[in-house]
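> Below is a structure I'd like to ask you about.
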Amino acid sequence: MTRTTIITTLFLVTVLTYSQSISQWRGPERNGIYPETGLLAIWPDNGPELLWSAEDIGKGYSSAVSDGKTVFVTGMKGKSDYLTALDLSGKVLWQTEFGVAWTGSFPESRCTPTVEGDNVYVLSGSGVIACINALDGKIKWTFDGVKKFDGEYGDWGVCESLLILDEKLFYSPAGKKTTVVALNKNTGETIWMSESLNDKSAYVSPLLIHYGNKNIVVNVLNDHLIGVDAEFGKIPGNSITGTSALRKA
């Protein structure tokens, strides 16, 4: 299912206007749970009132996010992925092309933007990472993550919404060179690279788990379920491999 318009309802606006330091895929904890209160317990027979809709934002599978002032969404136009910023009335503020889109099987944009302060972080379907100014749409830094880290992916391209913890931005290129990398969110420079598990990325966005006194970045690859120490990039113990991963997880 592709998206050519974004539709905003009373319900959606109520959720999106919740103030949080990081606006991202599936909410504050990436679990689909939002701390907003005062939501409708029952929708009207005809659904919530339509406030506005926007067109010409491109096609894709990603979600829209908001920092309470601006709505951000990615979409594929032509052969490129674009980030669009709209105000809360649906007016397009700016659009920025940030990388080559995935044009193979099941094309169109996949990355839900990650927003922190004046920075928006996105990843194109071909693996281009970009940090974009939330105010004017100018690119602050960008590079081809797949090329830089010799990343490997499957038949549907790169599909990941980037994760932030403190100064680190996490990305999972997989491949023979590394598995997960931590980047400096302000410069794009590499802080650490984990070991390689000789695997492919698997269209999954990482989660952050707090266990004991450690922060662990958890993700699923083609053949592995992994937990990576967020501070040093170590993959402790043996990763869970193959179909048994789903039974043990």
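The values are calculated or read from the model by the stated rules, or taken from the named source; none is laboratory data. What you see is a predicted model, and the numbers here were worked out from it, not measured in a lab. Backbone-built Cβ (ideal geometry, glycine too); neighbour counts: all protein chains shown.
> Residues to consider are Ser172, Ser161, Ser201; find the one that is under 21 Å from Ala130 (Cβ atoms), among the polar types (S, T, N, Q) and touching a Cys at 6+ places or on another chain (Cβ under 6 Å).
Working: Ser172 fails: touching a Cys at 6+ places or on another chain (Cβ under 6 Å); Ser201 fails: touching a Cys at 6+ places or on another chain (Cβ under 6 Å).
On inspection, the qualifying residue turns out to be Ser161.
> Looking at Gly127, is it buried (at least 24 other Cβ atoms within 10 Å of the Cβ), closer than 21 Å to Gly75 by Cα and touching a Pro at 6+ places or on another chain (Cβ under 6 Å)? Walk me through how you get there before you give the answer.
Details: buried (at least 24 other Cβ atoms within 10 Å of the Cβ): yes; closer than 21 Å to Gly75 by Cα: yes; touching a Pro at 6+ places or on another chain (Cβ under 6 Å): no.
Considered against the rule, which asks whether it is buried (at least 24 other Cβ atoms within 10 Å of the Cβ), closer than 21 Å to Gly75 by Cα and touching a Pro at 6+ places or on another chain (Cβ under 6 Å), Gly127 comes out as no.
> Additional query: Say whether the condition of being aromatic (Phe, Trp, Tyr), surrounded by fewer than 23 Cβ atoms within 10 Å (Cβ to Cβ), assigned to a loop (DSSP other than H, G, I, E, B) and touching a Phe, Trp or Tyr at 6+ places or on another chain (Cβ under 6 Å) is met by at least one residue in the stretch 53-70. Reasoning before the result, please.
Kept after step one, since they are aromatic (Phe, Trp, Tyr), are these residues of the stretch 53-70: 61.
Filter once more, so that each one left must be surrounded by fewer than 23 Cβ atoms within 10 Å (Cβ to Cβ): 61.
This time we only want the ones that are assigned to a loop (DSSP other than H, G, I, E, B), so: 61.
Imposing the further condition that a residue be touching a Phe, Trp or Tyr at 6+ places or on another chain (Cβ under 6 Å) reduces the set to none.
Within the stretch 53-70, none of the residues are aromatic (Phe, Trp, Tyr), surrounded by fewer than 23 Cβ atoms within 10 Å (Cβ to Cβ), assigned to a loop (DSSP other than H, G, I, E, B) and touching a Phe, Trp or Tyr at 6+ places or on another chain (Cβ under 6 Å).
> Please go through the stretch 66-101 and give me each residue that is β-branched (Val, Ile, Thr) and either closer than 21 Å to Gly157 by Cβ or touching a His at 6+ places or on another chain (Cβ under 9 Å) (or both), ordered by number. Reasoning before the result, please.
Here is the first cut: in the stretch 66-101, the ones β-branched (Val, Ile, Thr) are 70-71, 73-74, 84, 92, 96, 100.
The answer is Val73, Thr74, Thr84, Thr96, Val100.
> Taking the stretch 167-214 only, how many residues are in contact (Cβ under 8 Å) with a residue 40 or more places away in the chain, acidic (Asp, Glu) and closer than 22 Å to Ser21 by Cβ?
Number satisfying all stated conditions: 0.
> Of the conditions (1) surrounded by 15 or more Cβ atoms within 10 Å (Cβ to Cβ); (2) hydrophobic (A, V, I, L, M, F, W, C); (3) farther than 22 Å from Arg26 by Cβ, Leu135 satisfies every one except a single condition; which number is it?
Exception for Leu135: condition (1).
> Quickly run through the stretch 204-249 and pick out the residues that are modelled with pLDDT under 95 and of a type in the set (Phe, Trp, Tyr).
Within the stretch 204-249, Tyr211 is the sole residue that qualifies.
> Looking at the stretch 78-93, can you tell me whether even one residue there is assigned to a loop (DSSP other than H, G, I, E, B), closer than 30 Å to Ile209 by Cβ and hydroxyl-bearing (Ser, Thr, Tyr)?
To start, the set of residues in the stretch 78-93 that are assigned to a loop (DSSP other than H, G, I, E, B) comprises 78-79, 88-91.
With closer than 30 Å to Ile209 by Cβ added as a condition, the list becomes none.
Checked against the condition, which is being assigned to a loop (DSSP other than H, G, I, E, B), closer than 30 Å to Ile209 by Cβ and hydroxyl-bearing (Ser, Thr, Tyr), the stretch 78-93 yields no hits at all.
> Restricting to the stretch 104-153, give me the number of residues that are in a strand (DSSP E or B), in contact (Cβ under 8 Å) with a residue 60 or more places away in the chain and touching a Ser or Thr at 6+ places or on another chain (Cβ under 8 Å). Outline the logic, then answer.
Looking only at the stretch 104-153, we keep the residues that are in a strand (DSSP E or B), and these are 109, 114-116, 119-123, 128-133, 139-144.
Now restrict to residues that are in contact (Cβ under 8 Å) with a residue 60 or more places away in the chain: 114-116, 119, 121.
Now drop any that are not touching a Ser or Thr at 6+ places or on another chain (Cβ under 8 Å), which leaves 114-116, 121.
Matching residues across the stretch 104-153 total 4.
> If a residue counts only when it is among the basic types (Lys, Arg) and within 18 Å of the chain's Cα centre (by Cα), which strands (runs of 3 or more DSSP E) contained entirely in the stretch 156-213 have at least 1 such residues? Explain how you work it out, then say what you get.
On the way: elements: 163-165, 168-171, 181-184, 190-193, 207-211.
Hits in the stretch 156-213: 168-171.
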